[in-house]
Amino acid sequence: MRRHAVKIAVLALAGVALSASRARAQGYGVYEQDACTMGRAGTGVAAPCNASAIFYNPAGIQHTGGNKWDVVLGGVLIRPSFGFHDSVSGATTSGPVNNNLAPHFYITRQLSHGWAVGFGAFAAYGLVSEWPTTFSGRFLGYRSEIKTGYFQPTIAKKVNSWLDIGAGVDYIRTLVDLRQRVDLSSQTAAPGVTFGNLGIPLGTDFANAELHGTSWSSAGHFGVMVHPWRRISLGLRYMMKSTADIQGAAYINQVSTGIILPAGNPIGVPGGTPLDSVVAPQFRGSGPLNTPHASTNVALPDQLVAGVSVKVTNQLTLLGDYQWVHWAMFQQLTITTATLPTVTLWQDFKNTSGFRLGAEYEANNQWMVRAGLLYHQGASPDNTVTPLLPEGARAEQTLGVSYRLNPHTKIEAAYQHLSQQDRRGRVVNAPRGQGALFNTGVYTGSANLFGVSLVWGR
């Protein structure tokens, strides 16, 4: 049975590894990095709001409202919701609604001779995809969590009256917590006989696989701002790709089935023997399912954003951004463990484009209001729409407001609603390129985001 147990473990870890990659798909990228820019749909590359330019365009830390110091502290609360309607059974399953906080902190300092420096800490990724452990897709994954902290020292230079340049270095801390159940009925009990042949029902939980790991990685971040005319600004930023070398522990724990084997069973044990006791040694000591170490390399794609800002009047500003993300670098993912064979998983992601439009209106010296619309494609092809991240093309609407508390302090607030295109997807494993043949239902998704930032400048 050892050989078959190894197969079980490889499948379990394969699904968990897939979660790690899918957790970095477009649906898990957090572009809302301060409430001001969030209120205008993320349009910030040509005219950043404040010190959050460290994220939106490093060159923009030159433009902080004439303040020598600029500080931003806040966070974005993200509440995603996913559901699945099974076309075969007619059943509908809803995932729990999680509250996920993506904090942000920025500080900049204007120096002499056109130089500026800054430091930012933000969470570029930070959502959770979760389903009930009774969901039919739990054998692909019922929980995928990723938390990433970016720490970016930044420097910028005003080259002349119309050109600013900037650059930063990202030090990235990544943590993953990924979980999956393993189905017993499809596993081999004896040569030519599966547990399903012994009467084990389809969907019998046999093991729980988890992967917990961390890594440090790095990337570069560059920005340019051009001011060809007094009321028009152009911006461009490029964030380099990186790789998170995840090192951690893989836990495959037994889940009790309560099944008693009948007499004359192909396994060759006496009738009345609990099945759990037969497989238990595989999870202990030197058993192949006791594999404490696991590692994988997870790619973080590079992205390019270009934008324009037009100050129509002294009170009204219109903005537009285009974002390209190199998700096609997710073609495969390799998992290595201490005791199991190396597994390669094919991802087949595709590059995505996103479009953002924003507006900002200064009502008076205290109040400013914002609004915006954005649309971006999904990175997953039809073959890889699963419960790990059932993403699709998304349309989003934003509203924002700013209130000045005193000459040096103001508070920003924003709301964003995300509507996702329904997508047909699957709840079982499938060979590369054939996943769409196993699509048996429709995934739905939406989210509500709430952002608050406190801004101080002097």
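The values are calculated or read from the model by the stated rules, or taken from the named source; none is laboratory data. Source: prediction; values computed, not measured. Every residue, glycine as well, gets a Cβ built from its backbone with ideal geometry; the counts of neighbours run over all protein chains shown. Quick note on the areas: whole protein, heavy atoms, side chains included, nothing else; ligands and nucleic acids left out. Shrake-Rupley method; radii C 1.70, N 1.55, O 1.52, S 1.80 Å.
How big is the charge dipole of region 164-262 about its Cα centre, in debye rounded to the nearest 20, if each Lys and Arg gets +1 on its Cβ and each Asp and Glu gets -1 on its Cβ?
Values: 7 positive and 7 negative charges, 111 e Å.
For region 164-262, the charge dipole is close to 540 debye.
In the full protein assembly as shown, how much of residue 284 is accessible to a 1.4 Å probe, in Å² to the nearest 10?
The accessible area of residue 284 comes to roughly 140 Å².
Lysine pairs in the chain 8 or more apart or on different chains: how many have alpha carbons under 24 angstrom apart?
Total qualifying Lys-Lys pairs in the chain comes to 11.
Among 369, 385, 289, whose Cα projects farthest towards the positive end of the dipole of the chain, with charges put on the beta-carbon of Lys, Arg (+1) and Asp, Glu (-1)?
369
Over the chain, give the accessible area per residue in Å² for a 1.4 Å probe, as an integer. Could you put the intermediate results ahead of the total?
Values: 18270 Å² over 458 residues.
Accessible surface, normalised per residue, equals 40 Å².
Would you mind giving the three semi-axes, in whole Å and largest first, of the ellipsoid equivalent to the chain according to its Cα gyration tensor? Before the final figure, lay out each step's value.
Values: eigenvalues 484, 91, 60 Å².
Over the Cα atoms of the chain, the ellipsoid semi-axes are 49, 21, 17 Å.
Reported to two decimal places, what Rg/Rh ratio describes region 284-373 when computed on Cα atoms with Rh from the Kirkwood expression? Please list the in-between numbers first.
Numbers: Rg = 23.8 Å, Rh = 17.6 Å.
Expressed as Rg/Rh, it is 1.35.
Multiplying the sequence separation of residue 432 and residue 111 by 0.36 nm and subtracting their Cα-Cα distance, what value in nm do you get? Before the final figure, lay out each step's value.
Values: separation 321, 0.36 × 321 = 115.56 nm, distance 5.44 nm.
Answer, rounded to one decimal: 110.1 nm.
Once the Cα atoms of region 199-243 are picked out, what are the Rg and Dmax in Å?
According to the Cα coordinates of region 199-243, Rg and Dmax are 24.8, 77 Å.
Using only Cα atoms, tell me the angle between helix 2-22 and the longest principal axis of the chain; keep it within 0 to 90° and round to the nearest 10.
The answer is roughly 20 degrees.
Binning every alpha carbon pair distance of region 225-346 at 5 Å from zero, what are the percents per bin?
Calculated over all Cα pairs of region 225-346, the distribution is 2, 8, 11, 10, 9, 8, 8, 7, 6, 6, 5, 5, 4, 3, 3, 2, 1, 0 percent.
What is the percent of Cα-Cα separations in region 117-271 that go past 28 Å?
Details: 6115 of 11935 pairs.
Tail of the P(r) past 28 Å holds 51 percent of the pairs.
Where does the charge balance sit around residue 101 when Lys and Arg score +1, Asp and Glu -1, over other residues with C-beta under 15 Å from its C-beta?
On the way: positive: 79, 147; negative: 32, 34, 145.
Every neighbour counted, the sum reads -1.
Go through region 302-319 residue by residue and turn each phi into a ³J(HN,Hα) via Karplus (6.51, -1.76, 1.60, θ = phi - 60°); whole Hz please, and just put x for glycine and proline.
Coupling constants for region 302-319: 6, 9, 10, 10, 10, x, 9, 10, 10, 8, 5, 9, 5, 9, 10, 10, 10, 9 Hz.
For region 46-52, what does the Karplus curve 6.51 cos²θ - 1.76 cosθ + 1.60, with θ = phi - 60°, yield as ³J(HN,Hα) per residue in whole Hz, taken in order and with x for Gly and Pro?
Listing the rounded values in order: 9, 8, x, 6, 6, 5, 5 Hz.
Report the Cα-based extents of region 297-435 along its three principal axes, largest first, to the nearest Å.
In descending order, the Cα extents are 64, 32, 26 Å.
Magnitude of the Cβ-charge dipole of region 75-158, K/R +1 and D/E -1, about the Cα centre, nearest 20 debye? Walk me through the numbers on the way to the answer.
Numbers: 7 positive and 3 negative charges, 97 e Å.
Charge dipole of region 75-158: 460 debye, to the nearest 20.
Quick one: which residues, 5+ away or cross-chain, put their amide H under 5 Å from the amide H of residue 207? H built at 1.01 Å from N.
182, 255
Can you report the principal axis dimensions of region 327-387 using only the alpha carbons, biggest first, rounded to whole angstrom?
Taking the Cα atoms of region 327-387, the three principal extents are 66, 27, 21 Å.
About the Cα centre of the chain, how large is the charge dipole given +1 on each Lys and Arg Cβ and -1 on each Asp and Glu Cβ? Please answer in debye to the nearest 20. List each step's numbers first, then the result.
Working: 34 positive and 24 negative charges, 138 e Å.
Approximately 660 debye in magnitude.
What does the highest-first list of 225-238, 247-260, 381-394 look like by mean Cβ count within 10 Å?
Details: 225-238: 17.9, 247-260: 16.1, 381-394: 23.0.
Ranking, from highest mean packing down: 381-394, 225-238, 247-260.
Mind giving me the FRET efficiency for residue 267 and residue 419? R0 is 45 Å, r the Cβ-Cβ distance, nearest 0.05 is fine.
On the way: r = 51 Å, r/R0 = 1.14.
With R0 = 45 Å, the Cβ-Cβ based efficiency is 0.30.
Quickly rank 287-300, 52-65, 397-410 as a protection proxy: mean count of other C-beta atoms within 10 Å, highest first. Could you put the intermediate results ahead of the total?
Details: 287-300: 19.6, 52-65: 27.4, 397-410: 16.0.
Ranking, from highest mean packing down: 52-65, 287-300, 397-410.
What list of ³J(HN,Hα) values in whole Hz, one per residue of region 435-442 in order, does the Karplus curve 6.51 cos²θ - 1.76 cosθ + 1.60 (θ = phi - 60°) give from phi, with Gly and Pro shown as x?
x, 4, 5, 9, 5, 10, x, 10
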